[in-house]
Amino acid sequence: MANRYPLIFDATDGNKIKELPSGDNLNLQNSSIVNAVDIQASGTLSVNTLTAETITGLATVATSGNYNDLVNKPPAFDGDYDSLSNKPIIFSGSYSDLSDKPIIATKLSQLINDTSFITNSTAALSTSVIVGLKDVAKTNLSTSLTDSNDLLRKADVVDGQLTIDVNNTGNLEGNVYSTVGNNIIVDGENQKVYAQYLDGTANINVVGDLIGSVFGDDSTLVVDGVNGIVNADVKGSVFGDDSTLLVDGVNGIVSGVFNGDVDKIGTFTVDAIGGITLTTTGALVVPTANNITLSSNVGTVINSGGNITVESFSGNLNLAASSGIINVNTSIVPDTDVAYDLGSDTKRFRDLYLSGSTINLGGSVISTNVNGQLTLPPGTSIPGLALEKWIPDSIVDDRNGEIYYNDVSEPVPAGSIVIDQATYLNATGDQDTNHIPTVYTATIDGSGRITDIAIDTAYHFEDLVNIDGFSSSIVASDNMVAIDPGIDITDPVAIGASSQFVVLAAGVASVPDTVLAPQTNIPGFLSIAQLKVIVAASTDFADFQSRIAAL
């Protein structure tokens with residue numbers, strides 16, 4: 001195979017075609033050499049990526065990356081500890097295999113400094129040198145016990161009989177029997193005291209039930225065990241069956257719950273500084289009391305899981321508060337429809353304060369609007385009043401951030417008149433002759449754009465019950481319009497003849513208002529028109545006063 005040289009077009013040498021000169025480079029930018037059998041180079045071969053199936057002199061592992069293609073590999077560890085060399089000696093766990101073990105002493109002779117030990121022969125303890133030892137351990141006598149005086153001795157029992165000093169202030173545990181009839185007085189097992197077998201006076205702290213009657217020193221019946229009545233004052237504390245403190249005789253507090261009747265001949269008084277709460281799931285009955293008085297420095301509360309009925313069969317039920325007010329936290333509803341009165345002709349309530357928006361009077365509703373003005377039912381007849389007419393109150397700005405009320409493509413001439421929808425609908429619809437249009441002032445710049453709208457003089461809408469589907473309650477129009485300058489807005493025909501009707505991005509908000517009907521009076525009141533007539537006719541202030549007094 002011969003070696004050949006590529007021909008080139010040499011533009012620097014007269015555009016000649018010649019072999020590539022020695023020392024020049026062949027630039028194959030953006031081109032490739034393909035299907036070449038061998039490439040020989042005497043210099044450096046620089047490539048970005050070299051791909052070859054076989055490179056002479058290069059080990060196989062260089063292209064395979066496989067560990068098994070390596071030669072002279074070290075033997076691999078099989079994972080067996082026994083295959084390791086220079087292994088450490090493992091301790092057998094036997095104490096005898098240890099070296100440099102300490103000597104464990106088995107007798108005193110192996111100890112040093114053993115002269116300070118106490119022995120059985122040298123130990124001699126006495127009770128006098130033992131700290132904290134009680135006397136009974138020293139004397140071995142029962143009389144050395146701290147509570148020896150409370151112990152029952154054999155000498156205290158004579159012929160099987162035990163005599164107890166009734167002045168003894170200690171606790172007596174067990175049963176107590178009477179000397180006559182061997183009747184049980186104190187049943188220690190069932191925790192009961194049978195007072196009918198007591199002969200004389202006994203001061204007893206009763207923990208259990210007290211059965212029978214109790215009499216005073218003067219034979220007065222204090223506790224009637226037959227009828228279950230206590231006829232005297234109870235002094236001291238009272239506990240329930242579960243040891244709950246019902247009556248705290250030390251601090252004077254009643255904190256428990258009484259189940260049963262409480263009867264008292266005379267006046268029964270319950271006082272509480274912090275308040276009295278009567279809670280019952282059944283009936284709270286005081287059947288024969290002449291007067292019931294609940295008195296408290298703070299408050300008296302009556303709670304019930306059902307109804308609470310306070311009823312007087314033959315007299316009046318009086319609710320009185322000497323100071324302050326009577327508070328009610330729920331609705332007051334009579335138990336029978338149209339049967340009772342609130343107040344009377346001679347005893348009337350002074351003022352009536354209501355927070356609601358309506359008064360239902362015989363089926364008719366008297367209410368107030370959002371502005372606090374009184375609204376009467378439709379058809380209500382009050383001389384001199386025209387109810388809830390509507391009057392413009394403010395301009396509704398619908399520009400949504402725009403500068404002008406009219407579109408820049410619809411400029412209006414200077415002096416253009418702005419009217420509301422009610423006036424426009426009146427001119428093109430019903431043409432109510434009672435309608436007095438409200439006067440608006442429009443500010444117009446030199447380019448015919450409206451920059452401001454204000455209410456100049458507001459008039460009531462006169463009986464505009466329905467104008468093209470708009471009721472009087474929504475006579476506040478959606479839009480306002482600009483018409484030709486110089487038009488008489490009280491003339492519906494002139495409005496209808498206007499050459500321009502520019503819809504503006506503004507509306508008018510109206511509010512209800514109660515006004516006097518023309519030429520009518522309200523009894524007890526003077527209209528402005530009447531007052532003007534009286535003033536005009538008066539010659540001086542004294543004459544004015546006389547005319548007013550004569551009304």
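The values are calculated or read from the model by the stated rules, or taken from the named source; none is laboratory data. Note that this is a predicted model, so its numbers are computed, not measured. Here the Cβ is made from the backbone with ideal geometry for all residues, glycine too, and neighbour counts use every protein chain on show.
Residues that are in a loop (DSSP other than H, G, I, E, B), of a type in the set (Ser, Thr, Tyr) and modelled with pLDDT under 75 do not occur anywhere in the stretch 30-50.
Of the residues that sit in the stretch 56-89 and are closer than 30 Å to Gln40 by Cβ, in a loop (DSSP other than H, G, I, E, B) and of a type outside the set (S, T, N, Q), which one is farthest from the chain's Cα centre (by Cα)? Explain how you work it out, then say what you get.
Going residue by residue through the stretch 56-89, those that are closer than 30 Å to Gln40 by Cβ are 56-65, 69.
Keeping just the survivors that are in a loop (DSSP other than H, G, I, E, B) gives 56-60, 65.
Still in the running and of a type outside the set (S, T, N, Q): 57-59, 65.
Details: Gly57: 87, Leu58: 83, Ala59: 82, Gly65: 72 Å.
Restricting to residues being closer than 30 Å to Gln40 by Cβ, in a loop (DSSP other than H, G, I, E, B) and of a type outside the set (S, T, N, Q), the top hit is Gly57.
Selection of the stretch 144-163 for residues being surrounded by 10 or more Cβ atoms within 10 Å (Cβ to Cβ), touching a helix residue (DSSP H, G or I) at 6+ places or on another chain (Cβ under 9 Å) and either modelled with pLDDT of 75 or more or assigned to a helix (DSSP H, G or I) (or both) yields Ser144, Leu145, Ser148. Restricting to the stretch 326-368, what's the tally of residues that are hydroxyl-bearing (Ser, Thr, Tyr) and not in a loop (DSSP other than H, G, I, E, B)? The total comes to 4.
Restricting the first member to the stretch 1-21 and to residues that are closer than 20 Å to Ile39 by Cβ and touching a residue at least 12 places away in the same chain (Cβ under 8 Å), and the second to residues that are in a loop (DSSP other than H, G, I, E, B) and of a type in the set (Ser, Thr, Tyr), the beta-carbon pairs closer than 7 Å and six or more apart or on different chains are Glu19/Tyr5; Leu20/Tyr5. The residue that is nearest to Ile39 (Cα to Cα), among those in the stretch 55-96 that are loosely packed, with under 10 Cβ neighbours inside 10 Å and acidic (Asp, Glu), is Asp78. Could you tell me whether any residue of the stretch 372-380 is part of a loop (DSSP other than H, G, I, E, B), of a type outside the set (Asp, Glu) and modelled with pLDDT of 70 or more? No, the stretch 372-380 contains no residue that is part of a loop (DSSP other than H, G, I, E, B), of a type outside the set (Asp, Glu) and modelled with pLDDT of 70 or more. Scanning the stretch 406-426 for residues that are in a loop (DSSP other than H, G, I, E, B) and either at pLDDT below 90 or not β-branched (Val, Ile, Thr) (or both) gives Asn406, Asp407, Val408, Ser409, Glu410, Pro411, Pro413, Ala414, Gly415, Ser416. Of all residues in the stretch 481-500, those satisfying the criterion of being free of Cβ contacts under 8 Å to residues at least 60 places away in the same chain and either under 11 Å from Ser416 (Cα atoms) or hydroxyl-bearing (Ser, Thr, Tyr) (or both) are Thr490, Ser498, Ser499.
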